1. Packing-wise, with mean Cβ within 10 Å as the measure, how do 22-29, 201-208 rank, highest first?
2. Mind listing the long-range amide H neighbours of Ser79? Cut-off is under 5 Å, sequence gap 5 or more, other chains count too, H placed in the peptide plane at 1.01 Å from N.
3. Only Cα pairs within less than 10 Å get springs; with that Gaussian network setup on the chain, which residue of Ala165, Ala209, Ala107 has the largest fluctuation?
4. If you line up the long axis of helix 35-59 against the longest principal axis of the chain, both from Cα atoms, how many degrees apart are they, to the nearest 10?
5. What's the carbon and sulfur percent of the stretch 99-210's accessible surface, probe 1.4 angstrom, rounded to a whole number?
6. By per-residue mean of other Cβ atoms within 10 Å, what is the highest-first order of 73-86, 55-68, 169-182?
7. Quick one: if the Förster radius is 30 Å, what FRET efficiency do Trp38 and Ala136 give, using the C-beta to C-beta distance and rounding to 0.05?
8. Averaged per residue, what accessible area in Å² does the chain show with a 1.4 Å probe, protein chains only?
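The values are calculated or read from the model by the stated rules, or taken from the named source; none is laboratory data. Fair warning: this is a prediction, and the values are worked out from it, not measured in the lab. Using ideal geometry, Cβ is built from the backbone for each residue, glycine included, and neighbour counts are taken over all protein chains shown. Remember, those area values only see protein heavy atoms, side chains included, never the ligands or the DNA or RNA. Shrake-Rupley method; radii C 1.70, N 1.55, O 1.52, S 1.80 Å.
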Amino acid sequence: MSALEDFQLFGTQSAPAQWLVVATGIAALAVVVPHSLWRLSRNAITIAHEGGHGLVALLTGRRLDGIRLHSDTSGLTVSRGKPHGPGMILTAAAGYTAPPLLGLGGAWLLAAHHVTLFLWLATALLVAMLVMIRNAYGVLTVVVTGAAFLLVSWLTSPDVQSAFAYTAVWFLLLGGVRPAFELQSKRRRHNDGDSDADQLARLTHVPPALWLFLFHAVSVCSLIGGGRWLLGL
């Protein structure tokens, strides 16, 4: 039977073996911890980070002008609207919290055995984001990432789809933890006052350290909760 015949967007798929869940977690950890691999894999976290800014900007009624992704794994999301207020605060807070929360949502879907739904939702989000990308490197990064999800979901066997989906979710959960620590280290060495935490501090008069604590709390709690779902605990 072909992959097309097996395709059921809202159906459930068989749960993978426990060893596969653990192996995909180890594989994701292997591209998050080493600095050399993290410099490349962090591009995917940047996509989720800037996508979080963009999505929340739209949901809060702001006008999204565009998103840029850079080869140094930085990014920029530009939106129009009131320069203060709940919409701007939520938009600024969405960046560092988006990757772990997306990982948590993905873990919930996989725990419910909706592997195909997860793959296609991820593809749809990447396609929607592609419309708002405003630089060549950003287009390349999103197209390559989206193509990987599309090809895996359309052409591969259920076992390969499960392995890919679990690796992607583990990566969002594990990779979502590291940026907050990097931001904390960067602010300690050279604080230019332009980070998301500093912008939120200016918007809310809450110290940047408390916003950093929020980023840490969301990422660590998402990793713990999502990890328990993935492992079936």
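1. 22-29, 201-208
2. Asp65
3. Ala209
4. Here the helix axis deviates by roughly 70 degrees.
5. 71 percent
6. Packing order, densest peptide first, comes out as 169-182, 55-68, 73-86.
7. Efficiency, from the Cβ-Cβ distance: 0.80.
8. Values: 11990 Å² over 233 residues.
Accessible surface, normalised per residue, equals 51 Å².
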